1. Roughly how tilted is helix 45-64, in degrees to the nearest 10 and between 0 and 90, from the longest Cα axis of the chain?
2. Nearest 10 degrees is fine. How inclined is helix 83-94 to the longest principal axis of the chain, computing both from alpha carbons?
3. Rounding to the nearest 10 and keeping the result within 0 to 90°, find how far the Cα-based axis of helix 204-216 lies from the longest principal axis of the chain.
4. Before anything else, pin down the relative contact order of region 3-127: Cα pairs under 8 Å, at least 6 apart, normalised by residue count, whole percent.
5. Taking Cα pairs under 8 Å and at least six residues apart, what relative contact order does the chain come out at, in percent?
6. Given a 1.4 Å probe and heavy atoms of the protein chains only, how would you sort 229, 312, largest accessible area at the top?
7. In region 147-204, which trypsin sites (Lys or Arg not before Pro) fall in coil by DSSP and have 10 or fewer other Cβ atoms within 10 Å?
8. Please compute the net charge surrounding residue 345, taking Lys and Arg as +1 and Asp and Glu as -1 over other residues with Cβ under 13 Å from its Cβ.
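The values are calculated or read from the model by the stated rules, or taken from the named source; none is laboratory data. Everything numeric in this text was worked out from a predicted model, so none of it was measured. Cβ placement follows ideal geometry from the backbone for every residue including glycine, while neighbour counts extend to all protein chains displayed. We work out accessible area using only protein heavy atoms, side chains counted, and drop any ligands, DNA or RNA first. Shrake-Rupley method; radii C 1.70, N 1.55, O 1.52, S 1.80 Å.
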Amino acid sequence: MRRLILILGDQLDANSPALTHADPHQDRVWMAEVTEESTHVWSHPQRIALFLAAMRHFRHHLTEQGWTVDYSELDAPENTGSLSFELTRTLEKHRPQHVVLVEPGDHRVRQSLLETCHHLGVPIEFLPDSHFLCSIEDFRRHASERKSLRMEFFYREMRQRHHVLMEDDRPAGGNWNYDSENRKSFGKEGPQNLPSPIHFEPDERTQEVLELVKRRFPNHPGSLDSFAWPVTRRAALARLRNFIEKALPHFGDHQDAMWTGEPYLYHSLISTALNLKLLHPREVIDAAEQAWREGKAPLAATEGFIRQILGWREYVRGIYWLHMPEYLEQNALGADQPLPDFYWTGHTSMHCLSQVIRQTLDTGYAHHIQRLMITGLYALLLGVRPKAVHEWYLAIFVDAVEWVELPNTLGMSQFADGGIMASKPYCASGKYIQRMSNYCRHCPYDPAQKTGPRACPFTTLYWDFLLRHESSFDANPRMKMQLRNLSRLSPDEKAAIHHQAELLRQHPAAQKPQHLSDPD
Ligand code: FAD
Ligand code: SF4
């Protein structure tokens with residue numbers, strides 16, 4: 001055999017450069033389902049099922065195209081359960097002249113494949129990933145030209161380079177960013193006439209996978225019952241079209257809002273399809289821009305959506321490859337608390353956390369602000385070890401792959417990289433959650449109270465967080481206002497906050513100071 005073409009579970013691109021440069025008559029494709037990828041973190045069953053179902057559909061597509069596919073199924077008796085051992089078996093059997101694949105998205109996987117091929121003396125070639133609009137080299141160049149990185153400047157460069165939402169050399173509408181228009185809450189009435197996202201009934205192939213996952217991973221956290229993610233390109237395109245028509249026009253206004261019992265709101269639910277490479281980011285951006293040009297979506301909504309993909313998505317990938325593998329160990333704030341058990345069950349009296357965690361266990365999904373300002377914020381304020389937070393995010397979200405999850409968790413949400421990703425920590429009290437959602441209306445706590453039996457744990461921990469890190473944030477101009485408010489607290493108030501925060505840390509299960517009476 002001439003070449004063995006490796007297709008990893010998140011590389012399901014029919015136009016992959018690894019395939020377009022190969023010959024079905026001389027080369028073979030290799031794909032493997034391995035237990036290791038579902039157990040190195042305690043993965044949500046929907047996350048496992050998504051990968052396996054999409055891989056099996058892709059195998060079907062490749063075979064129809066005339067490719068010979070060496071495919072290890074998870075429950076095949078000879079499957080060793082490890083990517084490296086499965087590759088070893090195939091290399092020993094077929095002795096290819098060399099191995100080719102697109103750059104993996106995950107540093108751990110890249111190392112493992114590299115070592116396996118070196119060990120067996122088979123040359124391995126990594127091809128650039130054409131599914132991103134900024135190459136790793138271009139991002140390195142961008143980073144080397146500045147003292148500190150900021151997404152906004154990177155994004156402007158990307159808009160110009162790819163001519164997205166541009167009118168000649170100026171941003172469409174005159175502004176680069178319409179963020180200030182995209183922060184509305186739903187007010188008292190709540191969301192009206194929400195579009196229902198298109199769901200995909202599992203076909204026979206997906207059903208088989210669902211049965212397999214149920215059988216093999218019965219104790220993993222989360223439910224499979226609502227599984228309806230797109231696992232083929234055709235379904236992914238249908239989801240994209242559905243979003244552009246029904247939700248994009250409202251995406252901007254309520255991008256940051258949250259509402260009890262409404263997990264999806266106006267979000268696109270395309271991260272899984274993008275991350276598996278069923279959709280190309282350029283086609284998503286073009287579809288959104290076209291909707292705006294045809295007058296079907298306002299500019300603020302379109303720009304807000306495009307910024308997530310052309311800006312944040314490309315930016316976090318650049319940060320990941322610029323700083324791995326050291327990034328994984330960052331802990332700039334010295335956080336050392338364990339992750340509270342309720343993150344795996346949703347059993348807590350804090351309504352916002354209980355809502356978001358239960359929703360995530362049911363669906364494998366939470367939108368960005370739920371991830372950043374509910375589960376992420378609480379872990380930040382409590383002082384949870386960043387690696388434990390990272391492992392939870394990597395496990396529990398259906399769209400989780402390390403290159404995108406890690407910088408979002410460690411950098412943006414936990415400030416563990418000391419400011420590489422974000423210029424200040426995303427820290428806020430319960431009042432932010434009250435403003436952006438209706439969660440507090442159903443909660444026994446009061447977001448306005450810092451101490452006492454009804455104090456909102458977010459609020460107590462917010463002030464405690466500022467107290468604990470006051471000296472390290474002192475020089476950060478973006479923290480000035482928050483620290484000024486802190487300086488207005490009396491020594492007695494500070495002592496009471498510190499005391500109540502300590503009790504919260506000692507009793508993470510209930511997250512209710514045990515000595516305090518029940519809220520009325
Ligand atoms: P929409 O809200 O409709 O946004 C459109 C698209 O923009 C998304 O599909 C996604 O591809 C992209 N996008 C939006 N925000 C980001 C961002 N901050 N970084 C990168 N891309 C972004 N996204 C993942 O794909 N996988 C993850 O494992 C992941 N982990 C996260 C962990 C934390 C702590 C946080 C704060 C964010 C994380 N995100 C992750 C980013 C973001 O929350 C999800 O991409 C988004 O919620 C997916 O839902 P959606 O497709 O409905 O997105
Ligand atoms: Fe969450 Fe505090 Fe609001 Fe309760 S009061 S929902 S704990 S922010």
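1. With rounding to tens, the tilt is 20 degrees.
2. 10
3. 60
4. 33
5. Details: 822 pairs, mean separation 80.9, N = 520.
Taking the mean separation of contacting Cα pairs over the length of the chain, I get 16 percent.
6. On the way: 229 20, 312 60 Å².
Greatest to least solvent exposure: 312, 229.
7. Those satisfying the criteria are 147, 188.
8. Working: positive: 358; negative: 341, 362.
It works out to a net charge of -1.
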